[in-house]
Amino acid sequence: MLTCTMTKSLRDFPLEVSLRLGQETLAIIGPSGCGKSTTLRLLSGLLTPDAGQIALADQVLFDRSAQVDVAPERREIGFVFQDYALFPHMTVAENVAYGLGARDLPKAERERRVRGILAKLAIEVLADYLPDELSGGQQQRVALAR
């Protein structure tokens, strides 16, 4: 369960978000500049809310009043950027493994996880390709895998 109540002052308006999500899929839609990407950045920890609380299951990820702010790499929350943000000089497998490098996992465990997620997304045959050798859809799956 993801719960949040947060505010962030933006250039043109105050963004106020209140969510309570289980395992359902959520789509955030709206016009350009309404705060969709900002909301995702706040949840993931890439931006800091001005006030509020974010919790995932029983773990508080952010609470301004309690001075809790879990680092993005420790939140277990991610999202795919519009441009996929793949590292052009890294193979598909290296791109997917990149985030696991911050977790102090043994190399064999990182490789096992990369192989597993590539297989789950049916892109294991692309492991040694560079991003510019992939179609847009393949790049999107690599970004999801990462």
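The values are calculated or read from the model by the stated rules, or taken from the named source; none is laboratory data. Keep in mind it's a predicted model, so treat the numbers as computed, not measured. Heads up, the Cβs are rebuilt from the backbone with ideal geometry, glycines too, and the neighbour counts pull from every protein chain shown. The accessibility values were calculated without ligands, DNA or RNA, using every heavy atom of the protein model including side chains. Shrake-Rupley method; radii C 1.70, N 1.55, O 1.52, S 1.80 Å.
Among the residues making up region 103-116, those that are within 23 Å of Q140 (Cβ to Cβ) and open to solvent by less than 50 Å² (accessible area, probe 1.4 Å) are V114, G116.
Residue-wise test of (1) more than 21 Å from A71 (Cβ to Cβ); (2) more than 20 Å from the chain's Cα centre (by Cα).
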residue: L10; (1), (2): yes, yes
residue: P14; (1), (2): yes, yes
residue: S18; (1), (2): yes, no
residue: L26; (1), (2): yes, no
residue: I29; (1), (2): yes, no
residue: C34; (1), (2): yes, no
residue: T38; (1), (2): no, no
residue: L43; (1), (2): no, no
residue: P49; (1), (2): no, no
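Within region 79-94, the set of residues being without any contact (Cβ under 8 Å) to a residue 60 or more places away in the chain and within 14 Å of the chain's Cα centre (by Cα) comprises F79, Q82, D83, Y84, A85. For the residues V70, V125, the requirement of being open to solvent by 40 Å² or more (accessible area, probe 1.4 Å) and either touching a strand residue (DSSP E or B) at 6+ places or on another chain (Cβ under 7 Å) or modelled with pLDDT of 90 or more (or both) singles out V125. Among residues of region 38-63 being out of contact with any Gly (no Cβ under 9 Å at 6 or more places or on another chain), assigned to a helix (DSSP H, G or I) and hydroxyl-bearing (S, T, Y), the one that is least open to solvent (accessible area, probe 1.4 Å) is T39. A single entry from L126, L100, L56, L134 fulfils the requirement of being in contact (Cβ under 8 Å) with a residue 24 or more places away in the chain and in contact with a helix residue (DSSP H, G or I) (Cβ under 6 Å, 6 or more places away or on another chain): L126.
Can you go through D50, D63 and tell me which one is free of Cβ contacts under 8 Å to residues at least 40 places away in the same chain and on the phi < 0 side of the Ramachandran plot? Result: D63 is the single residue among D50, D63 that is free of Cβ contacts under 8 Å to residues at least 40 places away in the same chain and on the phi < 0 side of the Ramachandran plot.
Looking across region 1-37 at every residue that is of a type in the set (K, R) and open to solvent by 90 Å² or more (accessible area, probe 1.4 Å), the one that is modelled with the highest pLDDT is identified as R20. Scanning region 73-97 for residues that are modelled with pLDDT of 90 or more and in a helix (DSSP H, G or I), we see that the one that is most open to solvent (accessible area, probe 1.4 Å) is E94.
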